[in-house]
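Notes follow once the structure below has been shown.
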Amino acid sequence: MSKAITFSEYGAPEVLRLSEVTPPEPGPGQVRIRVRAASVNPLDMKIRSGLMAGMVPAHFPVIPGLDAAGVVDSVGEGAEAAAGDEVLGATVGGSYGEYALLDRAVAKPESLSWEVAASLVTVGRTASRVLGQLGVQPGRTLLVHGAGGSVGFLAVQLAVARGITVIGTVGEHDIERVTALGATAVRYGDGWVERVKAAAPDGVDVVLDASGAGILADSVALTGDPAKVITIADMSAAQHGVRFSAGAADEGGHVLPELVQLAAEGRLTVPVWRTYPLADAAQAHTDLEAHRNHGKAVLLP
């Protein structure tokens, strides 16, 4: 037996329990890892609360979590990694545990910490996917709401590296760190539209909403076209004719290895705010739901 965080009903963070579970066995092409770090994502909390029950129905008990990094300890038939390899990736069946399964393991460079390796997976793939969906080209202007958050922070870096002009709405505490990425940071809250217009006198071409802060109507007005706005965080998207982008598809499996390489070379920064013992998963959820974090929260089994 091994330890994992589980929940058997929807609810507040307190439904998360440290439980004894049977370690999963890898199927064809899969590897099992001894988890060294598991990332906590906002989607984990939406699934736990029941907010995503219509899209991601739970089969209780559930082991939450999407991403992990660790050491391969068992391999399925046809798996490309070998026992002892240090890897990272999206998990099958949850990551908040001592063991997890990966469908497509990506090698972890030695220069990448376990915490950063686990933190990069979903947020990096999401940022890359949404930039592709927006189709924003070099020389155009992208507005990122929630540029200080994990997805927004990576989207800013990827866009700036592609020669895109980026404006990011942030809290006062994130202005300096987002500006340091090469973006123009403006304070969110009342008056943000005027501040963005002042920062982009030639207009905004496309908008990525990573904040879910009720800014879709003004964002559509700013671009003049709901097709130019995408949200990953506002469930009212359809009311505004805006696309809600979900999932973390990595067609061809090339995106994550590229992101890992960029991070290993120091060309992509993934801020880790705090680490928690596995048993403190409920506290991690509580802290993130209270927006106390400034970067990724990571569980260390």
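Taken together, the values in this text are just the output of simple stated rules run on the coordinates, not laboratory data. In this text, all values refer to a predicted model and were calculated from it rather than measured experimentally. Positions of Cβ are backbone-derived with ideal geometry, glycine not excepted, and every protein chain shown enters the neighbour counts.
If the segment from Ala180 to His294 were pulled out straight at 0.36 nm per residue, it would be longer than the present Cα-Cα gap by 39.5 nm.
Of Asp234, Asp202, Asp225, how do they rank once you tally other Cβ atoms within 10 Å and put the fewest first? Please report the intermediate quantities before stating the final value.
On the way: Asp234 22, Asp202 7, Asp225 12.
Going from least to most buried by this count: Asp202, Asp225, Asp234.
Which one of Pro42, Ser111, Val207 has its Cα pushed farthest toward the positive end of the charge dipole of the chain, where Lys and Arg give +1 and Asp and Glu give -1 at the Cβ? Value computed over the given set: Val207.
In whole percents, the pair-distance distribution calculated for segment 124-244 from its alpha-carbon pairs, binned every 10 Å from zero, is 15, 54, 30, 1. Evaluating 6.51 cos²θ - 1.76 cosθ + 1.60 at θ = phi - 60° for every residue in segment 28-44, the Karplus couplings come out as x, x, 9, 10, 9, 10, 7, 5, 9, 7, 10, 7, 9, 10, x, 4, 4 Hz, glycine and proline recorded as x. Sorted fewest first by neighbouring Cβ atoms within 10 angstrom, Arg129, Arg292, Arg140 come out as Arg292, Arg140, Arg129.
Each Lys or Arg adds one and each Asp or Glu takes one away; over the other residues whose Cβ falls under 15 Å from the Cβ of Gly171, this sums to 0. Helix 150-161 and the longest principal axis of the Cα set of the chain meet at an angle near 60°. Longest stretch of the chain clear of exposed loop sites (GluC sites (Glu not before Pro), DSSP loop, at most 14 other Cβ atoms within 10 Å, sites excluded): 111-264.
Look at Phe153, Phe7, Phe60, Phe244 and count the other Cβ atoms within 10 Å of each Cβ; fewest to most, that gives Phe60, Phe244, Phe7, Phe153.
Taking the C-alpha atoms only, the angle from helix 114-134 to the longest principal axis of the chain is near 40 degrees. Starting from the Cα gyration tensor of segment 17-157, take the square roots of the eigenvalues, sort them a ≥ b ≥ c, and report rounded, prolate or oblate (rounded when a/c is under 1.5, otherwise prolate if a/b is larger than b/c, else oblate). Oblate shape, in that a/c is at least 1.5 and b/c is the bigger or equal ratio. Ignoring aspartates and glutamates fewer than eight residues from Lys3 along the same chain, the ones with Cα atoms less than 20 angstrom from its Cα are Glu14, Glu20, Glu25, Asp44, Asp67, Asp73, Glu98, Glu115, Asp280.
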